[in-house]
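Structure first, commentary second.
The values are calculated or read from the model by the stated rules, or taken from the named source; none is laboratory data. Computed from a prediction, not measured in an experiment: that's the story for all the values here. Please note: Cβ atoms are built from the backbone with ideal geometry, for glycine as well, and neighbour counts cover all protein chains shown. Calculation scope for accessible area: heavy atoms of the full protein, side chains included, ligands and nucleic acids excluded. Shrake-Rupley method; radii C 1.70, N 1.55, O 1.52, S 1.80 Å.
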Amino acid sequence: GTAHTDMELMSSMMQKITLLEQKIEKQVQEIQAKDRRIAELEEKMKTLEKGEDAPDSSTAEELEIRCLQLQTQVWEMERFLNDYGLIWVGERHEQLEDLELLKNEEELPAKSLWKPGEAVVSKHQINFDLILENVKDLNVLAGEGISQIEHTPGGARLRQPEPLPLTLYQNGIVMFNGPFRPYEDPSAQQCLQDIMDGYFPSELQMRYPDGIPLQITDRRDAVFRERDLPGSFPGNGQVVGHSKSSEVQETTEIPGPKVSLEQCLNKLSKPLKHGEVIGVRGSARAAQQGSGGVRSSKEILVETPRLSALERVKMAEEAGASAPDVCTLRIKSESGEQMYIVKMLFTETIGDLRQHLTHARGGDSDSYEIISTFPQRVYTDNSRSLQECGLIPNASLLLRRR
C-alpha cells in the first residue's frame, strides 16, 4: 500500500512540473515579443527626436517668407481701410465656426464666390425701405433745412442747399436729369449700396465733399422705358414665361427741369478764325419759336493786345514763316449772363488773363476765381502760363465768387 501511494504522489508532481514548464515557455515568448515591440518604439522615438532637432531648412524658409508676405498684405489692407476712415475689427466667433464647417469647396454655396463680371449687388438685394430711411438721416447730416450764408456783390444772404433729385423706378434709377441707369448697371448698384450702408454715394464725393441733401422720388410702380431709336422695331416685344401686370406704368420722361432752348443754343456757338461768332442761334431760335425767342447770353469779345497776332498768323502762313501760337478762351461770368471770348498767346500767364478780364469787366480782379469744370481745377497761380495750365489751344472756363 505504501508503494502505491508513492507512485501516485510522483505522478501528480510530474503533471504539475509539466504544466509549469509550459506556462514558463509561454511567458518567455510573450516577454520576447514585448521586447521587440519596445525596441521598435524606441527606434521610432529616436527618429522623431532627430527630425525635431534638425528640421528641413527649406521648408522653414518657405514658411517664414509666406508669413512675411501675409503680414505685408494685412498691413496694406489696413492702411487702405484707414484712408477711408474704416477699421478692421475681425470676424465674430460664431462666424469663424461657420467658416470651419465650410472648409470643403463642395460645401460652399454656388454663388458665394465672386467672379469677374458679376454684379456688385443683385436687384433682389436692394432694400428700398432702408434706402428711404437712410436718406432721411443723410439729409440731416447734409444740413437739410439749415440756411447757409452766401456772399453776394452787395453783401450776403441766407440760402438753403438745393437737394439733389434721385428717382427710383421699378427697373432703375435717375440721378440729376439723367441718364437712366438700370439696376444691372454696376454704377447704379454701387450708388444704392452706399446709401444702404449709410453713406453718401461715392460718385458724389468729389463734387460734394460735405454731402448734399437727396430728394427721393419713389416711383417703384412705374417702369422707365427708354425712347426707341430711329429705325428700331416698332412692335411690342414678348417675353416667354412672364406676364405684364396691368398695374405697372411705363414712362420715358426723365424727371427734373427741362433743358431750355437757350442752353441748347449756347452749345451751337462756334468762334471763327478772327474772333467772330457764327449766327446759327438766330435761325435755330426762329425754327423753334418763330420771331419770339429766348434771350441769349451776351458774348463779349475782349480787346487784348494779342488780337493782332491773328493777323500776323495769317500773314506768316502766307509767307511761309513760323507764326505765334494763339489760344481761344471762352469764359462765362459768375451769373452766366456774359461770355467773354479772349485771344491770348500760349506763353501768357493767368495773371495776364486777370488783367484782360479786369479791363473788360471793371472791379477787383481778386473778387473771383477762375475754374475749369472737366477736370475741376482752380487756377490761383498768376505766374503759370496758359500752356503750363493745359488751356491750349482752346478752353472753356468759369468765374466763381470767392
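Here is how the numbers come out for the structure above:
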{"quantity": "Single residue of Thr47, Thr2 found to be open to solvent by 100 Å² or more (accessible area, probe 1.4 Å), at pLDDT below 90, at negative phi and of a type in the set (S, T, N, Q)", "calculated": "Thr2"}
{"quantity": "Exclusive hit being touching a Phe, Trp or Tyr at 6+ places or on another chain (Cβ under 6 Å) and either modelled with pLDDT of 85 or more or outside the structural domain of Ile149 (by the TED database) (or both), set Leu345, Leu399, Leu391", "calculated": "Leu399"}
{"quantity": "The stretch 325-350 - residue that is open to solvent by 30 Å² or more (accessible area, probe 1.4 Å) and acidic (Asp, Glu) and, of those, farthest from Gly154 (Cα to Cα)", "calculated": "Asp325"}
{"quantity": "Members of the stretch 366-387 found to be small (Gly, Ala, Ser) and surrounded by 12 or more Cβ atoms within 10 Å (Cβ to Cβ), listed by number", "calculated": "Ser367, Ser372, Ser385"}
{"quantity": "Residue tally, condition modelled with pLDDT of 80 or more, farther than 12 Å from Phe200 by Cα and open to solvent by 30 Å² or more (accessible area, probe 1.4 Å), over the stretch 125-139", "calculated": "6"}
{"quantity": "Any hit, the stretch 351-365, residues being under 36 Å from the mean Cα position of the chain (by Cα), of a type in the set (Asp, Glu) and open to solvent by 50 Å² or more (accessible area, probe 1.4 Å)", "calculated": "no"}
{"quantity": "Subset of the stretch 179-204 [in contact with a Phe, Trp or Tyr (Cβ under 9 Å, 6 or more places away or on another chain) and without any contact (Cβ under 8 Å) to a residue 24 or more places away in the chain]", "calculated": "Pro182, Asp194"}
